[in-house]
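A.B. asks: Take this structure first; my questions come after.
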2 protein chains.
Amino acid sequence: MWQLLQFPLCPFSRKVRLLLSEKGVGYEPVRESPWARRDEFLDLNPAGQTPVMVDVERGVTLIDSMAICEYFEETVDKAAMLNGTAADRAEIRRLVTWFDTHFFREITGPLLLERMEKRIVHRLPPDTRALRDAMKAAVEHLDYIDYLLDHRAWLGGATMSLADLAAAAQISVADYLGGIDWKTHTTAKRWYVGMKSRPSFRPLLAERMEGVAPPPDYEKLDL
Amino acid sequence: MWQLLQFPLCPFSRKVRLLLSEKGVGYEPVRESPWARRDEFLDLNPAGQTPVMVDVERGVTLIDSMAICEYFEETVDKAAMLNGTAADRAEIRRLVTWFDTHFFREITGPLLLERMEKRIVHRLPPDTRALRDAMKAAVEHLDYIDYLLDHRAWLGGATMSLADLAAAAQISVADYLGGIDWKTHTTAKRWYVGMKSRPSFRPLLAERMEGVAPPPDYEKLDL
């Protein structure tokens, strides 16, 4: 049985969990708080980040969310998430990096620091300027999602792919932390409600991070 | 014919160039300076980063160095760089992310800012404290490379892989910018001299960035 070391608001763990659920791979979630920098966790993963997956019986440890996704894409045929030609797959991988890197650095990362880590670890108030910058960046990213969906059925192309899972994972954490204003962005909103409606998504939406409450509409399907 | 948009000290472009050369894929290098934020380049790649590869005849654009490497790994059989079982491949991908993300953030990125961008763009002296921090981080990363090579023939496992190319690409740029002290780290040094000796590596070592000279030993094979 796979163990998945993660915490409820880790966007990279959410991407992996969505993939595992779509593919029907069972796992036991194990709580890990990377900010605690537990020695045993750092021995396992010197990068100090979630998610990490461990299968003790088979002696396999998987580290880095993209490496984990590629592993299950290679080993489980069901619900292929890197579809199409080599060029199509390159475009999907480009977008996964886009959301994992740029969206995280500009939006999810600052929101996690200001609204989660500062509250539960440092007992400090959030920096309102950093929050404002993150919310401004979120508007630009939703504009980009609108633009992509004006040209394609799904973010990465004609079918649902890892790009949709990566984007929805980041957005769901930003949304939990009050960083997304859904008033405009009709196209992005319709796509995100579709993602939220999937059986793979429901368990994530039901989870709560201790001491940090989501906004009232967080779980709703009629934004 | 593929065009590769890059600049001589881009570590991500170097990783791709090593892969293309090992695989025997021809390409025309096209100079792009991401810090100039050229409008046409940002239209091509909203992330504003090199490398980008374009094949005009086939109408294919590849963005993001890992997506580019996966593309050529999928389409060109020669010199496979993601070898072994799915778990072996996950370990190689973990290390590529390690060097692309952590080594770059702690070492290559700060060195490029302090010793290249500040000199040729901003006409400012480097921040000596930032340089010292980068060189200290480089020692830790070389320790980790020593550790890996104490347990394996190559960084990612039993054969040369994309992990070696990613690490050597980052190290070569850090070395060009005077950030690597080769005095200790015998094991890492032996591995790096082996990488430098490869025909794929020689053209990179012969290139110069205008206004930024490498240290005298940069090209030498007997460090």
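A.B. asks: State all residues of segment B:214-223 that are closer than 22 Å to residue B:115 by Cβ and open to solvent by less than 80 Å² (accessible area, probe 1.4 Å); if no residue qualifies, say none.
C.D. replies: Matches in segment B:214-223: B:214, B:215, B:217, B:218, B:219, B:223.
A.B. asks: From A:158, A:137, which residue is over 18 Å from residue A:10 (Cβ atoms) and touching a helix residue (DSSP H, G or I) at 6+ places or on another chain (Cβ under 6 Å)? Steps first, answer last, please.
C.D. replies: Values: A:158 fails: touching a helix residue (DSSP H, G or I) at 6+ places or on another chain (Cβ under 6 Å).
After applying the criteria, what remains is A:137.
A.B. asks: Within segment A:172-199, how many residues turn out to be open to solvent by less than 10 Å² (accessible area, probe 1.4 Å) and touching a residue at least 60 places away in the same chain (Cβ under 8 Å)?
C.D. replies: Of the residues in that region, 6 qualify.
A.B. asks: Take the residues in segment B:28-78 that are in contact (Cβ under 8 Å) with a residue 60 or more places away in the chain and hydrophobic (A, V, I, L, M, F, W, C); name whichever of them is most open to solvent (accessible area, probe 1.4 Å).
C.D. replies: Going residue by residue through segment B:28-78, those that are in contact (Cβ under 8 Å) with a residue 60 or more places away in the chain are B:35, B:69, B:73.
Next, only the ones that are hydrophobic (A, V, I, L, M, F, W, C) stay: B:35, B:69.
Working: B:35: 67, B:69: 1 Å².
Among them, the one singled out is B:35.
A.B. asks: So is residue A:150 in a helix (DSSP H, G or I) and among the charged types (D, E, K, R) or not? Spell out how you get there, then give the answer.
C.D. replies: Values: in a helix (DSSP H, G or I): yes; among the charged types (D, E, K, R): yes.
For residue A:150, the condition - in a helix (DSSP H, G or I) and among the charged types (D, E, K, R) - is met.
A.B. asks: Right, something else. Could you grab me the full set of residues in segment B:131-159 that are exposed (fewer than 15 other Cβ atoms within 10 Å of the Cβ) and either farther than 14 Å from residue B:103 by Cβ or touching an Asp or Glu at 6+ places or on another chain (Cβ under 6 Å) (or both)?
C.D. replies: B:132, B:147, B:150, B:151, B:152, B:153, B:158
A.B. asks: Scan segment A:79-125 for residues that are out of contact with any helix residue (DSSP H, G or I) (no Cβ under 7 Å at 6 or more places or on another chain), farther than 23 Å from residue B:96 by Cβ, in a helix (DSSP H, G or I) and of a type outside the set (A, V, I, L, M, F, W, C) and report the count.
C.D. replies: Residues in segment A:79-125 being out of contact with any helix residue (DSSP H, G or I) (no Cβ under 7 Å at 6 or more places or on another chain), farther than 23 Å from residue B:96 by Cβ, in a helix (DSSP H, G or I) and of a type outside the set (A, V, I, L, M, F, W, C): 4 in total.
A.B. asks: Checking the conditions here, which among B:95, B:9 is assigned by TED's automatic domain parsing to the domain that holds residue B:200 and touching a residue at least 24 places away in the same chain (Cβ under 8 Å)?
C.D. replies: Details: B:9 fails: assigned by TED's automatic domain parsing to the domain that holds residue B:200.
Being assigned by TED's automatic domain parsing to the domain that holds residue B:200 and touching a residue at least 24 places away in the same chain (Cβ under 8 Å) holds for just one of B:95, B:9, which is B:95.
A.B. asks: So is residue A:109 within 14 Å of chain B (Cβ to nearest Cβ) and either open to solvent by less than 10 Å² (accessible area, probe 1.4 Å) or free of Cβ contacts under 8 Å to residues at least 40 places away in the same chain (or both) or not? Full working, then the answer.
C.D. replies: Values: within 14 Å of chain B (Cβ to nearest Cβ): yes; either open to solvent by less than 10 Å² (accessible area, probe 1.4 Å) or free of Cβ contacts under 8 Å to residues at least 40 places away in the same chain (or both): yes.
When the stated conditions are applied, residue A:109 passes them.
A.B. asks: Another question about this same structure. Working only within segment A:173-184, note down all residues that are touching a Leu at 6+ places or on another chain (Cβ under 6 Å) and at pLDDT 95 or above. Outline the logic, then answer.
C.D. replies: Taking segment A:173-184 and keeping what is touching a Leu at 6+ places or on another chain (Cβ under 6 Å), we get A:173-174, A:177, A:179, A:182.
Scanning segment A:173-184 gives A:173, A:174, A:177, A:179.
A.B. asks: Taking segment A:79-104 on its own, how many of its residues are in contact with a Lys or Arg (Cβ under 9 Å, 6 or more places away or on another chain), open to solvent by 20 Å² or more (accessible area, probe 1.4 Å) and either facing chain B (nearest Cβ under 8 Å) or of a type outside the set (Gly, Ala, Ser) (or both)?
C.D. replies: 3
A.B. asks: Answer yes or no: is there a residue in segment B:149-159 that is free of Cβ contacts under 8 Å to residues at least 24 places away in the same chain and either within 30 Å of residue B:35 (Cα to Cα) or within 11 Å of chain A (Cβ to nearest Cβ) (or both).
C.D. replies: no
The values are calculated or read from the model by the stated rules, or taken from the named source; none is laboratory data. What you see is a predicted model; the values in this text were computed from it and never measured. Note: ideal-geometry Cβ built from the backbone for every residue, glycine included; neighbour counts use all protein chains shown. Just the protein is used for accessible areas: all its heavy atoms, side chains included, with ligands, DNA and RNA removed. Shrake-Rupley method; radii C 1.70, N 1.55, O 1.52, S 1.80 Å.
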